Amino acid sequence: KKGEFGFDFKRFGVRVPTVVVSPYVEAGSVFHASGSVPYDHTSILATIERTFGIQNLTQRDKVAPDLGPILTAAARTDSAPLPLAPQEAVAMVKLSQQKDAAAQPLNDLQRGMVEAMKQVVAQQTVAAKPKAKGAKPKAKSTKLAAQAKKSKAEVTILIAQPVETVDDAQRFFAEAKKKTGL
């Protein structure tokens, strides 16, 4: 499918240097993609999609190399934490300003993050179905089935709830964190 001005997305654009800052990246390292497809903007999407099992958005991010190989298994501990500013240096926001900010509608990025998390919650619920391992006592089996049904209902409600403001999103992510452990 061609985009605006007939651009078909089969070629790469200008080079954009990227700095990945994380305790999971080896200090002082420089990385290049190992295959014929270089790292680019879609590599970030590919990393998120593969990490959380989300379906790719386009064919381009489907074939993009993800940043997984540059992340180490354990976090580095060779850096010192940044010192926190003293209490009096922290600007206090008035309660009315906090309420105004919480009532703001979500922007496109925030809506996208909410939708992505809804997919993660739904996929983890499907993946968490108990597997039958031989005969179980009927009472235990019935109890597990009831718990699974209740959990599925809670997830269905969570995914279906409208998330329109920053405050809604904060509540949604808090509930999603409880359900997924992320």
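Here is a yes/no grid of residues against (1) at pLDDT 75 or above; (2) in a helix (DSSP H, G or I); (3) in contact with a Ser or Thr (Cβ under 9 Å, 6 or more places away or on another chain):
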| site | (1), (2), (3) |
| --- | --- |
| Phe5 | no, yes, no |
| Lys10 | no, no, no |
| Gly13 | no, no, no |
| Ala33 | yes, no, yes |
| Gln55 | yes, no, no |
| Pro65 | yes, no, yes |
| Ala74 | yes, no, no |
| Pro83 | no, no, no |
| Glu88 | no, yes, no |
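State yes or no: is Arg60 of a type in the set (D, E, K, R) and modelled with pLDDT of 90 or more? Lay out the reasoning, then the answer.
Values: of a type in the set (D, E, K, R): yes; modelled with pLDDT of 90 or more: no.
Here the answer is no, as Arg60 does not meet what is asked.
Among the residues of the range 109-122, which ones are open to solvent by 60 Å² or more (accessible area, probe 1.4 Å) and either part of a loop (DSSP other than H, G, I, E, B) or under 15 Å from Leu45 (Cβ atoms) (or both)? Leu109, Met113, Glu115, Gln119 - these are the residues of the range 109-122 that are open to solvent by 60 Å² or more (accessible area, probe 1.4 Å) and either part of a loop (DSSP other than H, G, I, E, B) or under 15 Å from Leu45 (Cβ atoms) (or both). For beta carbons closer than 7 Å, sequence separation of 6+ or different chains, a first residue in the range 39-61 that is surrounded by 19 or more Cβ atoms within 10 Å (Cβ to Cβ) and a second that is among the hydrophobic types (A, V, I, L, M, F, W, C) and in a helix (DSSP H, G or I), the qualifying pairs are Asp61/Leu45; Asp61/Ala46. Residues of the range 13-38 that are over 15 Å from Gly68 (Cβ atoms) and surrounded by 13 or more Cβ atoms within 10 Å (Cβ to Cβ): Pro23 alone.
The values are calculated or read from the model by the stated rules, or taken from the named source; none is laboratory data. It should be emphasised that the depicted structure is a prediction, and the values quoted were computed from it without experimental measurement. With ideal geometry, Cβ positions are generated from the backbone for all residues, glycine too; neighbour counts draw on all protein chains shown. Just so you know, the surface numbers come from the protein's heavy atoms only, side chains and all, with ligands and any DNA or RNA stripped out. Shrake-Rupley method; radii C 1.70, N 1.55, O 1.52, S 1.80 Å.
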